[in-house]
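I have placed the structure first, in the form of structure tokens, so that the comments after it can refer back to it.
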Amino acid sequence: MGTDVTIVKPSIEANIFRENKKWVFLALLCFSQLGQLYNSQAMPTLQVPFEKEMGMNEVDYSHLVIAETMPGFVFPLIGGFLVDYFGASKSFLATNLFI
Amino acid sequence: MIIILGQSVCTMATYQKSFWLFILGKVIFNSASEAATLARSKIVGIWYVNNDIGKALGAAVVLQTGAAIVCDLVYPNLYSMTHSLGFPFLIGVIVCFVSTLICIRCVMVHKKLLTLKGGDAASQEGNTNISYKVIRKFPPIIWLLLAAASLGVDSFIIVKLYLGKHLQTSYDFTIGEAGSFLAVSQVLTGAATPIAGFLTDRVGKLPIFLMISIGLIQSGVFFSITASKCERCLWPALPIALLSLGLGPLFVSGYGSLLRLIEEKELGIATALIPVIISAEMIVFAILSGRIADATFDEYGYTWVFTMALIIGMVRLLFGLLVQIYDYKGSQKLQHRNNEDTTALLNRSNERSDSENNEL
């Protein structure tokens with residue numbers, strides 16, 4: 001009996017913790033992306049000042065779009081494989097700690 | 001830290017007016033962002049089960065949208081106030097630093113969950129047998145779904161990329177006002193997304209939501225081309241509203257469908273396919289739209305660029321229809337409110353601790 005209680009406890013505790021903290025975790029998860037989201041939306045509104053101050057034209061602007069897009073083409077394929085290989089938790093901890 | 005580095009390089013580039021340094025900063029920044037984003041979508045499957053998934057995805061978009069709204073308002077207005085391109089980017093560095101602190105707190109909460117689950121919980125989430133060959137085993141409907149969702153996002157992105165300048169040149173809005181338009185559009189996306197999340201959880205029929213979202217975006221693109229040109233009038237609000245209202249449901253129905261169709265252990269590769277396909281397509285479309293804009297902007301504004309987005313949208317509408325037909329005639333996993341799949345996620349996340357209990 002005693003063994004059963006100690007064995008089952010972690011799973012129950014984890015579920016209770018998850019239930020209690022799930023919305024706090026969601027808020028943290030979302031706000032942890034604040035830096036990348038806040039800064040990744042800047043270009044469409046600043047296109048005109050960029051053209052004026054940096055002498056950028058429409059083709060240059062498309063190069064900037066490509067520069068922003070390229071990592072999205074390269075990283076997810078390798079990273080997606082690693083996420084499945086190591087599991088979501090390890091990958092989540094690793095990517096967040098290093099970045 | 002790499003995100004902060006990328007943003008810092010961009011800031012330095014704007015102060016030095018160096019276009020190629022700015023490109024380098026953007027590559028660093030976006031590489032770090034992509035790496036940080038990878039595991040986040042899958043972690044949602046661990047924390048949120050049953051009908052919470054739709055709400056979690058919806059709430060995530062709302063909070064993410066908040067950040068985008070602030071960006072649309074703050075960046076152009078800081079530029080207007082200071083007439084310095086570097087200053088808004090410098091503020092961006094500070095925001096990156098704050099989000100890094102929040103990130104550390106987020107990691108601590110997740111580590112606590114892992115501790116409570118038991119020492120091996122994280123180790124057993126992995127799938128060491130995973131291979132890219134798993135892509136070949138995905139049901140064919142996935143490719144139709146990816147085509148519909150990715151092309152949907154592409155046409156939205158193309159219009160959004162040029163919308164700021166379009167508002168300033170075709171409607172004589174100031175840079176701050178153009179930013180406000182984009183911010184309002186983010187509010188609409190933020191409002192539409194949780195509603196879509198709620199409805200998809202309740203109703204199912206994800207392909208229908210996919211097509212509705214595509215229809216809204218298409219209407220937005222169409223009105224962007226046809227709306228009357230006038231000085232500081234509100235005509236451009238209509239297409240922007242339609243575009244914005246379509247994006248949230250597209251996100252919810254696209255990712256929601258993937259969660260239903262793909263096994264949890266293969267979700268990493270499956271969800272990675274969406275940004276990969278969008279990025280691959282956008283590289284091509286950015287080259288095309290840049291050339292089209294360069295050749296036609298002086299005479300026609302962005303009419304021909306938006307027309308390209310409209311054509312892309314017509315193709316994705318076709319794929320959306322094919323998703324509905326394929327699923328309706330097949331497994332119908334996307335048609336009904338499906339508790340089995342999401343409950344299975346809960347079971348899978350708990351089954352390891354249960355099996356440990358049984359063994360002991």
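So what's the net charge close to B:PRO249: Lys and Arg +1, Asp and Glu -1, counting the other residues with Cβ under 13 Å from its Cβ? So the environment of B:PRO249 carries a net charge of 0. For region B:138-336, the Cα gyration tensor yields ellipsoid semi-axes of 32, 18, 14 Å (square root of five times each eigenvalue, largest first, whole Å). Annotation for region B:180-275: GluC sites (Glu not before Pro) lying in DSSP loop with at most 10 further Cβ atoms inside 10 Å of their Cβ are B:GLU231.
With contributions of -39500 (n - 2.57) from each DSSP H run of at least four residues, the per-residue ellipticity at 222 nm computed over chain B stands at -29500 deg cm²/dmol. Taking chain B as a whole, the Cys residues whose C-beta sits 4.7 Å or farther from every other Cys C-beta are B:CYS10, B:CYS71, B:CYS96, B:CYS103, B:CYS106.
Pairs from the list B:LYS117/B:LYS333; A:LYS21/B:LYS111; B:LYS205/B:LYS333; B:LYS160/B:LYS205 with a Cα-Cα gap above 19 Å: B:LYS117/B:LYS333; B:LYS160/B:LYS205.
Listed from fewest to most Cβ neighbours within 10 Å, the set B:ILE325, B:ILE53 follows the order B:ILE325, B:ILE53. With both labels modelled 7 Å from their Cα along Cα-to-Cβ, the B:THR296 to B:CYS233 distance reads 2.2 nm. Each residue in B:MET1, B:MET211 was given a count of other beta-carbon atoms within 10 angstrom of its own, and listing them fewest first yields B:MET1, B:MET211. Using Cα-Cα distances under 8 Å and only pairs 6 or more residues apart, what relative contact order does chain B have, in percent? Normalised by residue count, the contact order of chain B is 25 percent.
Cβ-to-Cβ counts within 10 Å put B:TRP47, B:TRP20 in ascending order as B:TRP20, B:TRP47, the fewest first. Per residue of peptide B:65-72, the mean number of Cβ atoms on other chains within 10 Å of the residue Cβ is 5. The GNM of chain B, with springs linking C-alpha atoms under 10 angstrom apart, assigns the highest mean-square fluctuation among B:LEU267, B:LEU116, B:LEU288 to B:LEU116. In plain terms, chain B is cut at each of the trypsin sites (Lys or Arg not before Pro) found in a DSSP loop with at most 16 other Cβ atoms within 10 Å, and the longest leftover piece is B:18-132.
Inter-chain Cβ neighbour count for B:88-98, averaged per residue, equals 3 (cutoff 10 Å, partner chain atoms only). Between B:ILE104 and A:ASN57, what FRET efficiency follows from the Cβ-Cβ distance if R0 is 51 Å, with the result rounded to 0.05? Plugging the Cβ-Cβ distance into 1/(1 + (r/R0)^6) gives 0.75. Across peptide B:172-181, the average count of Cβ atoms from other chains found within 10 Å of a residue's Cβ is 2. For the peptides B:149-155, B:238-244, the ranking by packing is B:149-155, B:238-244, with the highest mean count of neighbouring Cβ atoms within 10 Å listed first. Between B:TRP304 and B:LEU5, with labels modelled 7 Å along Cα→Cβ, what's the label distance in nm to one decimal, could you check? Taking the two extended label points, one gets 4.2 nm. Overall size of chain B from C-alpha positions, given as principal axis extents largest first: 73, 47, 34 Å.
Computed from the coordinates by the stated procedures, all read-outs in this text should not be read as laboratory data. Nothing here was measured: the structure is a model prediction, and the numbers come from that model. Every residue, glycine as well, gets a Cβ built from its backbone with ideal geometry; the counts of neighbours run over all protein chains shown.
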